[in-house]
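Novice: Let me begin by handing over the structure; questions about it come next.
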Amino acid sequence: MTELLDKQMLVVLRDGRHLVGVFRSFDQYSNIVLQDTCERHVVGNTYCDIPLGLYIIRGENIVIMGELDQEKEASQVNLIKKTPEEVLAAEADLHDTGAVTVRGTWNFDD
């Protein structure tokens, strides 16, 4: 994991949240520290990033973590960036109509 330090990462958590931030530190339990963290919400072809700041994540809550490709991130043609209010309202509409859930929950305790 040391080769990933100081790189922009996407982390998917067990509760379904997607966090984007700069990977600063980790320990023997896979706990990590992300700097300039944002929670990313994607609905259809729209997305938003909600700023969170410095974030410490317990290792047991991480499902997957990967490096973001900065070039692809900058040239997203399929996704339209909108305000958090617009995207969260679209998420709520999907939830209210009973459509496919936007987030899944990962449960490894079974």
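The values are calculated or read from the model by the stated rules, or taken from the named source; none is laboratory data. If you're wondering where the values come from, they're calculated on a predicted model, not measured in any experiment. Cβ sites come from the backbone with ideal geometry, for glycine too, and all protein chains shown count toward neighbours.
Novice: Based on what the data block shows, is residue 37 free of Cβ contacts under 8 Å to residues at least 40 places away in the same chain and surrounded by fewer than 11 Cβ atoms within 10 Å (Cβ to Cβ)?
Specialist: Criteria not met by residue 37.
Novice: Oh, and also: Within region 18-60, how many residues turn out to be under 14 Å from the mean Cα position of the chain (by Cα), among the small types (Gly, Ala, Ser) and farther than 20 Å from residue 70 by Cβ?
Specialist: Here the count works out to 1.
Condition check ((1) assigned to a strand (DSSP E or B); (2) under 24 Å from residue 88 (Cα atoms)) across all residues:
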{"site": "24", "(1), (2)": "yes, no"}
{"site": "35", "(1), (2)": "yes, yes"}
{"site": "40", "(1), (2)": "yes, yes"}
{"site": "47", "(1), (2)": "yes, yes"}
{"site": "50", "(1), (2)": "yes, yes"}
{"site": "60", "(1), (2)": "no, no"}
{"site": "64", "(1), (2)": "yes, yes"}
{"site": "71", "(1), (2)": "no, no"}
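Novice: For the subset of region 61-80 comprising residues that are under 13 Å from the mean Cα position of the chain (by Cα) and closer than 20 Å to residue 35 by Cβ, which member is surrounded by the fewest Cβ atoms within 10 Å (Cβ to Cβ)?
Specialist: Within region 61-80, the match that is surrounded by the fewest Cβ atoms within 10 Å (Cβ to Cβ) is 64.
Novice: While we're on this one: Of (1) exposed (fewer than 15 other Cβ atoms within 10 Å of the Cβ); (2) modelled with pLDDT of 95 or more; (3) of a type outside the set (Asp, Glu), residue 83 satisfies all except one. Which?
Specialist: Every listed condition holds for residue 83 apart from (2).
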